[in-house]
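The values are calculated or read from the model by the stated rules, or taken from the named source; none is laboratory data. A quick note: this is a predicted structure, and the numbers were derived from the prediction, not measured. Cβ atoms come from the backbone with ideal geometry, glycine included; neighbour counts cover every protein chain shown. For accessibility, only protein heavy atoms count, side chains too; no ligands or nucleic acids. Shrake-Rupley method; radii C 1.70, N 1.55, O 1.52, S 1.80 Å.
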Amino acid sequence: AIQFLQDGRLIAATRLEAGSSLFGSPQAGTLISVAASPFAAWTQVTKSRVTRLDGPTLFGFENQVYAVGRSQPKVSAPFQGLGSAFSRKRTALFLVQENAEGLIHLTDLPSCGDTSYAGVAIKDEKVFISYYTNDPRKDPPWLFGMLQPTRIQIAEIENLPSC
């Protein structure tokens, strides 16, 4: 996912797979990088280990860049490394920083299982985030959530936190 910065450069969030294990990988994460026009060369800012941000959407609001994507709130070896199919997932909101922190987790949206791939609309100083999710009351691991029905949800956020 990419978003223009105030100075005209682009910032990107890229999911780092780091292998194909069903149990995830300790090297997985999210790469944050930037590029100036003509956007032919990218500079790596950081590899964030906060989460492996799946299906990210970036958006700008009040001079900040935010990300929405699938997050894994609990990481534990050996079966629930970052990106594990057996982990529980959430659609979460992050602040994107152009420094070593990269991603700062702000909040989880009501979501679980097979979730994310958000869309964002801003109207009247409110942020509306649409995404799909399994029933949040059931909270299945991602692998099992893929076999269950999903639904579309919309979250409305009036006061986005910033740093």
- Query: Which of the aspartates and glutamates could a cross-linker span from Lys138 if the Cα-Cα distance has to be under 17 Å and same-chain partners fewer than 8 positions apart are dropped?
  - Reply: Asp108, Asp114
- Note on the structure: With a Förster distance of 25 angstrom and the Cβ-Cβ distance between Gln64 and Ser20, calculated FRET efficiency to the nearest 0.05 equals 0.15
- Message: Largest first and in whole Å, what are the equivalent-ellipsoid semi-axes of region 87-127 based on the Cα gyration tensor, each being the root of 5 times an eigenvalue?
- Response: 19, 18, 8
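Charges only on Cβ, +1 for Lys and Arg, -1 for Asp and Glu: so what's the dipole of the chain about the Cα centre, in debye to the nearest 20?
540 debye
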- What percent do you get for the relative contact order of the chain when only Cα pairs under 8 Å and 6+ apart count? 17 percent
- Item | Cα centroid of region 1-22 to Cα centroid of region 102-137, whole Å | 18 Å
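Let's test the formula: R0 of 22 Å, r as the Cβ-Cβ distance of Asp124 and Phe39. What FRET efficiency results, to the nearest 0.05? If you can, show how the numbers build up before the last one.
Working: r = 32 Å, r/R0 = 1.45.
Using R0 = 22 Å, I get an efficiency of 0.10.
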- Item | 5 angstrom amide H check on Phe61, placed H, neighbours 5+ away | Tyr66
- Counting only protein chains, not ligands or nucleic acids, how are Arg90, Arg49, Arg137, Arg15 ordered by accessible area (probe 1.4 Å), most first? Arg137, Arg49, Arg15, Arg90
- Query: Among all the lysines, which ones have a C-alpha under 22 Å from Lys47's C-alpha, if same-chain residues fewer than 8 places away are not counted?
  - Reply: Lys74, Lys89
- Within the chain, what is the longest stretch that has no GluC sites (Glu not before Pro) placed in a DSSP loop and near at most 10 other beta-carbon atoms within 10 Å? 63-124
- Message: Could you derive backbone 3J(HN,Hα) for region 5-13 from the dihedral phi with the Karplus parameters 6.51, -1.76 and 1.60 (θ = phi - 60°), listing whole Hz in sequence and x where the residue is Gly or Pro?
- Response: 8, 4, 8, x, 6, 9, 10, 10, 10
- Note on the structure: Quick note, region 32-126: a/c under 1.5 would make it rounded; otherwise a/b > b/c is prolate and the rest oblate (a ≥ b ≥ c, C-alpha gyration tensor); here it is oblate
- Which of (1) 165; (2) 124; (3) 114 is the computed volume of the Cα convex hull per residue in Å³ for the structure on display? (3)
- Message: At 1.4 Å probe size, what's the solvent-accessible area of Asp139? Round to the nearest 10 Å².
- Response: 40 Å²
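Calculated FRET efficiency, Met146 and Gln6, Cβ-Cβ r, R0 30 Å, to nearest 0.05?
0.20
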- Note on the structure: Out of Ala100, Trp142, Pro110 - ranked by how far each Cα lies towards the positive end of the dipole of region 36-157, with unit charges on the beta-carbon of charged residues - the top one is Trp142
- Roughly how many debye, to the nearest 20, is the charge dipole of region 70-119 about its Cα centre, given +1 on each Lys and Arg Cβ, -1 on each Asp and Glu Cβ, and no other charges? 240 debye
